[in-house]
Amino acid sequence: MSRGDMAKPLLGHRSTEGDPSLTPAAGRTVGVLGSGDFARSLAMRLVCSGFKVVVGSRNPKRKASLFPSAAEVTFQAEAVKKTDVIFVAVFREHYSTLCDLADVLVGKILVDVSNNTEINHHKESNAEYLASLFPACTVVKGFNVISAWTLQSGARDGNKQVLICSNNQEAKRTVAEIAQVMGFTPVDMGCMSSACEIENIPLRLLPAWKIPIFLALGLFLCFFTYNLIRQVIHPYIREQKNKLYKIPIEVVNTTLPCVSYVMLSLVYLPGVLAACSQLYYGTKYRRFPDWLDQWLQHRKQIGLLSFFCAALHAVYSLCLPMRRSHRYLLIETAVKQAVEKKMTIWVEEEVWRMEIYISVGIIALGLLSLLAITSLPSIANSLNWREFSFVQSTLGFIALVISTLHTLTYGWSRAFDENQYKFYLPPTYTLTLLVPCTVIIAKVIFTLPCIQHRLLRIRRGWEKGRYVKFVLPSATGEFSSGETSSNV
């Protein structure tokens, strides 16, 4: 990046006059050791936030053109002498090159921003290793979860948290003030023992998505195999017809709505199981099983994957008439109609079925889109809890009901047609109805006044079998204590 690009303030200078808590940090001199991409972005962000920045480099003349003109680029020893807070933006393997600065680093705050290439690559964290090299310094781990791009573009696209840990509370407070002035949200992660966990965070690949993705892939493989048997293997064995051309589009398009529909029902099934557990034990304080707790925590990811499969199903459905095989079938049908001298093949029932089926499907996809959009942090943060709960819970359940209507209108009366049972296997859509219908029936039962009232009491703290102390006057006029069950 050219010097002009680096010197251009992307955020502009942030005023701190209205926030007295940030005044001690604003305008102070901050040092940066290193001249890589992260060090350059960090220096530019600090300059744009109103700090005086001194960059320490082994080749200051060569590296000066890479930094903003407002930043002073000098030798490492000179940079260390001019500030008490120093960002160490070098890799772990180069920490030893700083040992010559041990004398001038005494009493300084070193902010370690490094990461590893692998999770738990070393026995100790980079921050702990840096602290062992410079015992006379105070080491703070922070800013490693922020990328160089984020430092340049700023936190305007959403809340960006800076995880901070150290054994020194005053040092953490100083670094937290700097992070706030830079526009980030500092999060205190405790003492230095948390550094290893903080350093592992940027290396994890979608940790919250692994189980939902494997679940979606497992459902896709099951339904795909089932549809392959019904639509391709059955015609080949029974009628010696080659239907392999159906695999890329038609079989996949039959599988995607099944996965989407079941995944959507799995978003609301754990809530039903949790409510049943609370009703059975009569308390909300009993811990759910680990599998149910994990299931509840992955509902957002499961719902987004459901929307993804539904969107793909809509695109595949729009592409169905574009297939060459579809055109051949249309021509073949027209020829047969001409040979049989049929004036029309209009079936009123089928016309209405398809009209309702498509219309309900569009509404279901629209509701799923709304659920997906409101799950984004930038949108969710603009909603209060009641609004968010209404969208995700009420509208989500309505989306499940409409998806069920979409599935039922697709099946219509064909579920009772014996020709639809290939190898005595029921149509795929009948299998997908099992879990969603269970959820819908359970939700309806929970709306009954007797059950709804009991569940509401439990969620407000009432417990079955809990004894409550009360006070009664004795025969002598004195008060004595007693106990009664809250069930009474």
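The values are calculated or read from the model by the stated rules, or taken from the named source; none is laboratory data. This one's a predicted model, so the numbers in the text were calculated from it and none came from an experiment. In this analysis, Cβ positions are derived from the backbone assuming ideal geometry, glycine residues included, and neighbour counts consider all displayed protein chains. All accessible areas refer to the heavy atoms of the entire protein, side chains included, with ligands and DNA or RNA removed. Shrake-Rupley method; radii C 1.70, N 1.55, O 1.52, S 1.80 Å.
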Peptides 284-292, 160-168, 311-319 ordered by average Cβ neighbours within 10 Å, highest first:
160-168, 311-319, 284-292
Limiting things to C-alpha atoms, what are the Rg and the maximum Cα-Cα separation (Dmax) for the range 29-203, in angstroms?
14.7, 42
Which part of the range 356-373 falls in the paramagnetic zone of residue 390, meaning amide N under 19 Å from the point 7 Å along Cα-to-beta-carbon?
367-373
Using θ = phi - 60° and the Karplus form 6.51 cos²θ - 1.76 cosθ + 1.60, what ³J(HN,Hα) does each residue of the range 64-79 get, whole Hz, x for Gly and Pro?
4, 5, 8, 10, x, 5, 6, 8, 8, 10, 9, 6, 4, 5, 5, 5
Charged-residue dipole, Cβ positions (Lys, Arg, Asp, Glu), the chain about Cα centre, Debye nearest 20:
740
Can you bin the chain into rounded, prolate or oblate? Criterion: square roots of the alpha carbon gyration tensor eigenvalues sorted a ≥ b ≥ c, rounded for a/c under 1.5, prolate for a/b above b/c, oblate for the rest.
oblate
Inter-site label distance for residue 423 and residue 209 at 7 Å from Cα along Cβ, in nm
3.4
Cα long-axis angle, helix 252-281 against the chain (0 to 90 degrees, to the nearest 10)
70
Which entries in the list 160/210; 63/141; 52/123; 81/141; 210/241 go over 30 Å, if you measure between the two C-alpha atoms of each?
52/123; 210/241
In Å, what Rg and Dmax follow from the Cα atoms of the range 209-460?
21.4, 73
quick note, the chain, DSSP beta bridge pairs, % antiparallel (nearest 5) is 25
Expected output is a single nm value to one decimal: the length gained when fully extending between residue 168 and residue 334, i.e. 0.36 nm times separation in residues minus the C-alpha distance. What is it?
51.5 nm
Computed label-point distance, nm, for sites residue 161 and residue 274 using a 7 Å Cα→Cβ extension
1.9
Added length on full extension, which subtracts the Cα-Cα distance from 0.36 nm per residue, residue 77 to residue 185
35.8 nm
Assuming R0 = 41 Å, can you tell me the calculated FRET efficiency for the pair residue 452 and residue 319, based on Cβ-Cβ distance, to the nearest 0.05?
0.35
Just to verify a number: FRET efficiency for residue 356 and residue 281, C-beta to C-beta distance, R0 = 41 Å, to 0.05?
0.45
Which angle from 0 to 90°, rounded to the nearest 10, does the C-alpha axis of helix 449-459 make with the longest principal axis of the chain?
20
To the nearest 10 degrees, how steeply does helix 169-181 sit against the main Cα axis of the chain, on a 0 to 90 scale?
70
Each residue of the range 405-421 in order: what ³J(HN,Hα) in whole Hz does its phi give by Karplus 6.51 cos²θ - 1.76 cosθ + 1.60, θ = phi - 60°, with x for Gly and Pro?
4, 4, 5, 5, 5, 5, x, 6, 9, 6, 5, 9, 8, 5, 6, 7, 9
Using helices alone, I'd like the mean residue ellipticity at 222 nm for the chain: each DSSP H run of four-plus residues gives -39500 (n - 2.57), total over residue count, nearest 500.
-15000 deg cm²/dmol
Rounded to the nearest 0.05, what FRET efficiency do residue 100 and residue 61 give with R0 = 25 Å and r taken as the Cβ-Cβ distance? Could you check?
0.80
Could you name the lysines whose alpha carbon sits less than 28 Å from that of residue 464, not counting residues in the same chain fewer than 8 places away?
284, 443
How much of the accessible area of the chain, probe 1.4 Å, is carbon plus sulfur, in whole percent?
61
Computed over the Cα atoms of the range 383-448, what is the convex hull's projected area averaged over all directions, in nm²?
5.7
Hits among aspartates and glutamates - C-alpha to C-alpha of residue 243 under 19 Å, sequence gap 8 or more where chains match:
332
